[in-house]
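What follows is a set of notes on a single structure, which appears directly below.
The values are calculated or read from the model by the stated rules, or taken from the named source; none is laboratory data. Not measured: the values here are computed from a predicted model. Heads up, the Cβs are rebuilt from the backbone with ideal geometry, glycines too, and the neighbour counts pull from every protein chain shown.
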Amino acid sequence: MKTIFWTALEIAWSDGSMSKKGALIVEKLHDAMGLDISLREELENRFAKEILEERTERGEGTGDAELESWANTIIENLNSNDLKNQIISLSNEAVINGLSKEKWLIGMNFTKEFNQSNTFAEGVWMENNTEKEFEEYLPILKPLVDELISN
């Protein structure tokens, strides 16, 4: 499953190059996520090995416009008052639907990137319940929703 930072790298490098503006947007997103530097380095190294090493084309970094729009949405989501409640609701729903160990790890790893893995765990163990049910989740959570409950 693609994580938030991985997706940012894909968009930034979409034409084979990352522009200076794209690099600045990635930095801004990194800061907003509170992404641990060692995790970031791990993701960037894996991305370089799995994606960039096989690319032969080089563009001009035209992914920065799409990246800026997407990153701004993600940053808005990170600042949303609903984010924690939505993570708790999502993890509760995943348990009700039969959360496997594999999906537990997917949820923990996905939310770890933006420092919400404890919130995910609290929701799974129902240590922190929310009365709210959400028909629609924030875009930042869409990949996780698709993985945990949409199947």
Check on Glu113, out of contact with any Lys or Arg (no Cβ under 6 Å at 6 or more places or on another chain) and in the same structural domain as Ser14 (by TED's automatic domain parsing)
no
What's the total number of residues in the stretch 83-101 that are in contact (Cβ under 8 Å) with a residue 12 or more places away in the chain and either assigned to a helix (DSSP H, G or I) or outside the structural domain of Gly123 (by TED's automatic domain parsing) (or both)?
13
Looking only at the stretch 63-82, how many residues end up being in a loop (DSSP other than H, G, I, E, B) and farther than 14 Å from Gln116 by Cα?
1
Filter the stretch 21-62 for residues that are part of a helix (DSSP H, G or I) and hydroxyl-bearing (Ser, Thr, Tyr) and give the result.
Ser38
Candidate set from the stretch 4-19 (those that are at pLDDT below 95, of a type outside the set (Asp, Glu) and surrounded by fewer than 21 Cβ atoms within 10 Å (Cβ to Cβ)); member that is nearest to Pro139 (Cα to Cα):
Ser14
Report every pair of residues separated by at least 6 positions or lying on different chains whose Cβ atoms are under 7 Å apart, first residue within the stretch 57-73 and assigned by TED's automatic domain parsing to the domain that holds Met18, second in a loop (DSSP other than H, G, I, E, B) and of a type in the set (Phe, Trp, Tyr).
Gly63/Trp13
Confirm whether Asp36 is acidic (Asp, Glu) and either in contact with a Lys or Arg (Cβ under 9 Å, 6 or more places away or on another chain) or surrounded by 18 or more Cβ atoms within 10 Å (Cβ to Cβ) (or both).
yes
Those residues of the stretch 102-128 which are of a type in the set (Phe, Trp, Tyr) and assigned to a loop (DSSP other than H, G, I, E, B), in sequence order:
Phe114, Trp125
Does Leu52 satisfy being surrounded by fewer than 18 Cβ atoms within 10 Å (Cβ to Cβ), without any contact (Cβ under 8 Å) to a residue 60 or more places away in the chain and not assigned by TED's automatic domain parsing to the domain that holds Tyr137?
yes
Looking at the stretch 105-125, which of the residues that are surrounded by 17 or more Cβ atoms within 10 Å (Cβ to Cβ) and hydrophobic (A, V, I, L, M, F, W, C) is modelled with the lowest pLDDT?
Val124
